[in-house]
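Written below as structure tokens is the structure these notes are about.
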Amino acid sequence: MSITEEQREFQLAVREFVESEVRPVIGDHYERGEFPAELVRKLGELGVAGVMLPEEYGGAGMDLLTFCLALEEIAKVDSGLATTLEASATLGAEGIALFGTEDQKKRWLPRLASGEGLCAFGLTEPGGGTDAGHTETRAELVDGEWVINGAKCFITNSGTEMTDLIVVTATTGPGEVSTIIVPNGTPGLSVGPLYSKVGWHTSDTRPVFLDDCRVPEENLLGPRGKGLGQFLNLLARGRVAIAAIATGLAQGCVDESLAQANDREAFGKAIGNYQSIAFMLADMKLRAHTSRLAYLDAATMDLESKEFIAAAAMAKLHASDAAVQNAREGTQIFGGYGFMNETLVARHWRDCKILEIGEGTNEVQRMLIARSMGLNG
């Protein structure tokens, strides 16, 4: 679980960028519900978007652990920005790198690696939710083209100016789910308006509609009928990345709350000197620390090619719970200011809940952990 010098240097470079470029402006983006395209591009230039992609396609050829270190730093200040990069990389670009043809890799990965383009992954459907196998979107092969009809919901990166493609799952025959690449701008592909969300106001999330949407047969990603298995492989890595984002949010609450506890006075002394606040901060630090250990452990297991599904589930479960608890207590420490959107802890409080839902609800994580113990769950 040790961090190499190269990884540490990359983490520090991301931290410096976040402090100098992201922190001063992200609150305004959040308040306006504005997608921070320029920040995404700059993070791409820094190497975050392509850190896990092969060098021959413009990536850094590094690993999930390195990517998670970067995500934690970004999420300390804004988890919506972090999830923009996470969704494009772990569920999108990684899918093409792992399962795509050489032509697909050459066409799509360089722009995704540079951060100039983004990828969306269309899995969730209005009637499915947690049931990933419940796929009503249909794709029929007609005269060398896939004709796709269906709808997806809650799709990150689906409608930004930077979106190059949406990878969608669809039923391609009895009992088979396949994954198909749909380039942005394809006739029959449309995206709805931005959702009005509780949080993640800097992240683009929309419904996606496919109405006789036609793409070439060669846009099939991986073998026909293997789409669900591909997705489950990617989702385990995505859960580790979400755990890193949740850890960043939890740590951001610690940092902000500690500064507030030292600055704010009540009854003649800094509130951090009161045991109730000091113990609250001690618990917050503990949660962030153990969350970090959990995601680092899961990412290391992935690096060592060990089975890590249960470790990923534990990391995601623990870190997202920690994020919610730390955001709630951080808001309490800030008092009335914690209810004002101008404060970072207030934005973290609005953002944290989705971490217990996205990439598989925490109930699903408990099910996966139970199964790893030989229980039915």
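With 28 Å as the limit, write out which pairs from 197/316; 76/152; 105/197; 42/105; 306/353; 152/306 have Cα-Cα distances beyond it, or answer none. Violating the 28 Å limit, Cα to Cα: 76/152; 105/197; 306/353; 152/306. Protection proxy ranking, highest mean first, for peptides 342-351, 269-278, 56-65, 306-315: 342-351, 306-315, 56-65, 269-278, where packing is the per-residue count of other beta-carbon atoms within 10 Å, averaged.
Placing unit charges on the Cβ atoms of the charged side chains and taking the dipole of the chain about its Cα centre, the candidate lying farthest along the positive direction among 229, 108, 250 is 250.
Simple rule: put +1 on each Lys or Arg Cβ and -1 on each Asp or Glu Cβ in the chain, find the dipole, and look at 278, 122, 139; the Cα lying farthest toward the positive end is 278. For the chain, with all protein chains present and a 1.4 Å probe, just round the carbon and sulfur fraction of the accessible area to a whole percent. That fraction is 52 percent. Mean-square fluctuations from a GNM of the chain, with a 10 angstrom spring cutoff on Cα atoms, peak among 358, 92, 336 at 336. Between the helical axis of 5-17 and the longest alpha-carbon principal axis of the chain there is an angle of about 80 degrees.
Between 0 and 90 degrees, the angle of helix 37-46 with respect to the longest Cα principal axis of the chain falls at about 90 degrees. Excluding ligands, DNA and RNA, the accessible surface per residue across region 243-332 is 45 Å² with a 1.4 Å probe. Residues considered: 238, 252, 127. Largest GNM mean-square fluctuation over the chain, using C-alpha springs under 10 Å, is found at 127.
The values are calculated or read from the model by the stated rules, or taken from the named source; none is laboratory data. Since this is a predicted model, take the numbers as computed values, not measurements. Cβ coordinates were reconstructed from backbone atoms using ideal geometry, including for glycine residues, and neighbour counts include every protein chain displayed. Heads up: the accessible areas ignore ligands, DNA and RNA and are worked out on the full protein's heavy atoms, side chains in. Shrake-Rupley method; radii C 1.70, N 1.55, O 1.52, S 1.80 Å.
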